[in-house]
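Everything below concerns the one structure shown next.
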Amino acid sequence: MTASDVKPLTVRCQCGNVSFPTPSAKPISLFHCHCTECQKQTGSAFGTSAIYKAEGLFPLSPELAAKLKLYSRYSAEKGRSLDCYFCPECGSRMFHRIIDGDGTPRSTISIKGGCIEGLDWSGAFHIFMRSAVMKIPAEWEQYEALPPWMNMEKAR
């Protein structure tokens with residue numbers, strides 16, 4: 001299979017009202033986050049994020065933007081906000097993007113793993129295990145907080 005044979009995957013909400021292709025065929029990174037914010041957002045033990053370049057999805061097409069609702073969560077502690085996009089019909093969180101304190105959007109987006117049809121889950125790692133509500137096998141890659149190489153404080 002050549003690179004040109006690899007096609008983006010389809011992102012679809014639970015009700016099917018919102019769908020769009022991933023910006024590329026494979027995510028840059030894939031992780032399961034056990035922080036309390038992800039637990040609240042998913043109503044579950046953790047959230048799965050597939051990280052992609054924002055280019056190819058942003059700027060949002062008018063058609064896609066019209067089908068989404070936006071919830072912005074500001075963190076005074078971090079000095080930035082998180083733009084969270086979801087389907088207004090079924091409530092599925094589709095993706096989010098960090099907006100730095102100066103208003104600059106990050107160059108990456110986090111698409112919710114459960115919405116990506118055909119996603120290869122292998123290679124995913126677990127972060128914020130200090131907040132985990134379930135045990136993860138010791139042989140799985142995991143971190144108490146963020147991995148040392150994953151600096152969320154700097155714009156990407």
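Give the residues of segment 119-140 that are more than 16 Å from the chain's Cα centre (by Cα) and surrounded by 13 or more Cβ atoms within 10 Å (Cβ to Cβ), sorted by residue number.
M129, S131, A132, I136, listed by residue number.
May I ask you to list the residues in segment 50-69 that are loosely packed, with under 11 Cβ neighbours inside 10 Å and not acidic (D, E)? Break it down into steps so the answer makes sense when it comes.
Initial filter on segment 50-69 (loosely packed, with under 11 Cβ neighbours inside 10 Å): 59, 62-63, 66.
The answer is P59, P62, A66.
Among (1) surrounded by fewer than 20 Cβ atoms within 10 Å (Cβ to Cβ); (2) at pLDDT below 90; (3) in contact with a strand residue (DSSP E or B) (Cβ under 7 Å, 6 or more places away or on another chain), which single condition is G47 missing?
Status for G47: all satisfied but (1).
Any idea which of (1) in contact (Cβ under 8 Å) with a residue 12 or more places away in the chain; (2) among the small types (G, A, S); (3) farther than 13 Å from E117 by Cβ is the one S44 doesn't satisfy?
(1)
Using the structure shown, decide if K40 is farther than 30 Å from K135 by Cβ, among the charged types (D, E, K, R) and either out of contact with any Leu (no Cβ under 6 Å at 6 or more places or on another chain) or crowded, with 17+ Cβ neighbours inside 10 Å (or both). Can you show your working first?
Working: farther than 30 Å from K135 by Cβ: no; among the charged types (D, E, K, R): yes; either out of contact with any Leu (no Cβ under 6 Å at 6 or more places or on another chain) or crowded, with 17+ Cβ neighbours inside 10 Å (or both): yes.
Against the criterion (farther than 30 Å from K135 by Cβ, among the charged types (D, E, K, R) and either out of contact with any Leu (no Cβ under 6 Å at 6 or more places or on another chain) or crowded, with 17+ Cβ neighbours inside 10 Å (or both)), K40 does not qualify.
I'm trying to understand the selection: among the residues of segment 92-118, which are open to solvent by 50 Å² or more (accessible area, probe 1.4 Å) and in contact (Cβ under 8 Å) with a residue 24 or more places away in the chain?
T104, P105, G114, E117, G118
Can you tell me which residue within segment 12-35, out of those that are touching a Cys at 6+ places or on another chain (Cβ under 9 Å) and crowded, with 17+ Cβ neighbours inside 10 Å, is nearest to K69 (Cα to Cα)? It would help to see each step written out before you state the result.
Residues of segment 12-35 touching a Cys at 6+ places or on another chain (Cβ under 9 Å): 12-19, 32.
The next check asks that each one be crowded, with 17+ Cβ neighbours inside 10 Å; those that pass are 12-13, 18, 32.
Working: R12: 15, C13: 13, V18: 11, H32: 24 Å.
So the residue we want is V18.
For W140, indicate whether it is farther than 21 Å from A25 by Cβ and among the hydrophobic types (A, V, I, L, M, F, W, C).
Details: farther than 21 Å from A25 by Cβ: yes; among the hydrophobic types (A, V, I, L, M, F, W, C): yes.
Yes, satisfied.
The values are calculated or read from the model by the stated rules, or taken from the named source; none is laboratory data. Remember, predicted model here, so these are calculated numbers, not experimental data. Methodologically, a virtual Cβ is constructed for each residue, glycine included, from the backbone with ideal geometry; neighbour enumeration extends over all protein chains shown. Ligands, DNA and RNA are stripped out before the accessible areas are found, and what is left, the full protein with its side chains, is counted by its heavy atoms. Shrake-Rupley method; radii C 1.70, N 1.55, O 1.52, S 1.80 Å.
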